[in-house]
Amino acid sequence: MLKKIGMIARWKPVHVGHAAILRALPSHAERALIGMGSSNRYNLRNPFTLEETKEMLNLVLDRSNSYDLIPVPDLDDGPRWRGMVKDIFGALDLFVTDNPYVANLLRGIIASFARWS
């Protein structure tokens, strides 16, 4: 079993496809760090507040104790966002993403990637 696994998505809204991956993350590591992307955005593209997003995630994860929800704000500077993610998440054994841009930004600071699809 992995020690720490991470993932970042907007989760706005959480849907059936998200639910499957969200429930799987904590079962593959001692700790799942679930980043709530666009945490600083509330607009037409991001129609839920940070608190509403947290509540949706907690409902899907059934408030188990093996995960942490982490706000991850949008930045308009990829390298700066990369550094922020490294500082927030620390060392991870695995990072899950289906976003090639995010994978490219985090390559070199994350030990391993898994593609979510």
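Just a few scattered comments:
- Karplus 3J(HN,Hα) series, Hz, for region 27-37 with 6.51 cos²θ - 1.76 cosθ + 1.60 (x for Gly, Pro): 7, 10, 7, 5, 9, 10, 9, 10, x, 9, x
- Annotation: residue 110 carries an accessible surface of approximately 20 Å², with a 1.4 Å probe and no ligand, DNA or RNA atoms counted.
- Proximal charge balance of residue 3 [Cβ under 10 Å; K/R count +1, D/E count -1]: 0
- The 1.4 Å probe gives accessible areas that order 97, 49, largest first, as 49, 97.
- Accessible area of residue 86 in the full protein assembly, 1.4 Å probe (Å², nearest 10): 110 Å²
- For residue 70, the residues 5 or more places off, or on other chains, whose built amide H falls under 5 Å of its own are 34, 35, 36.
- Counting only protein heavy atoms and using a 1.4 Å probe, the accessible area of residue 74 comes to about 50 Å².
- Based on the convex hull around the alpha carbon atoms, the chain presents an average projected area of 6.7 nm².
- The listed residues 50, 105 rank as 50, 105 when sorted by accessible area, largest first, using a 1.4 Å probe.
- Our coupling estimate for region 40-45, obtained by passing each phi through the Karplus curve with A = 6.51, B = -1.76, C = 1.60 and θ = phi - 60°, is 9, 10, 9, 7, 4, 7 Hz, Gly and Pro reported as x.
- Counting only whole DSSP H helices of the chain, the ones at least 15 Å long by C-alpha along their axis and with mean Kyte-Doolittle hydropathy no lower than -0.5 are 50-61.
- Estimated 222 nm signal from helices in the chain, with DSSP H stretches of n ≥ 4 weighted -39500 (n - 2.57), rounded to 500: -10000 deg cm²/dmol
The values are calculated or read from the model by the stated rules, or taken from the named source; none is laboratory data. Only a predicted model underlies this, so the values are computations on that prediction, with no experimental measurement involved. Because the Cβ atoms are built from the backbone with ideal geometry, glycine has one as well, and the counts that use them run over all protein chains shown. Surface accessibility is based on the protein's heavy atoms, side chains included, excluding ligands, DNA and RNA. Shrake-Rupley method; radii C 1.70, N 1.55, O 1.52, S 1.80 Å.
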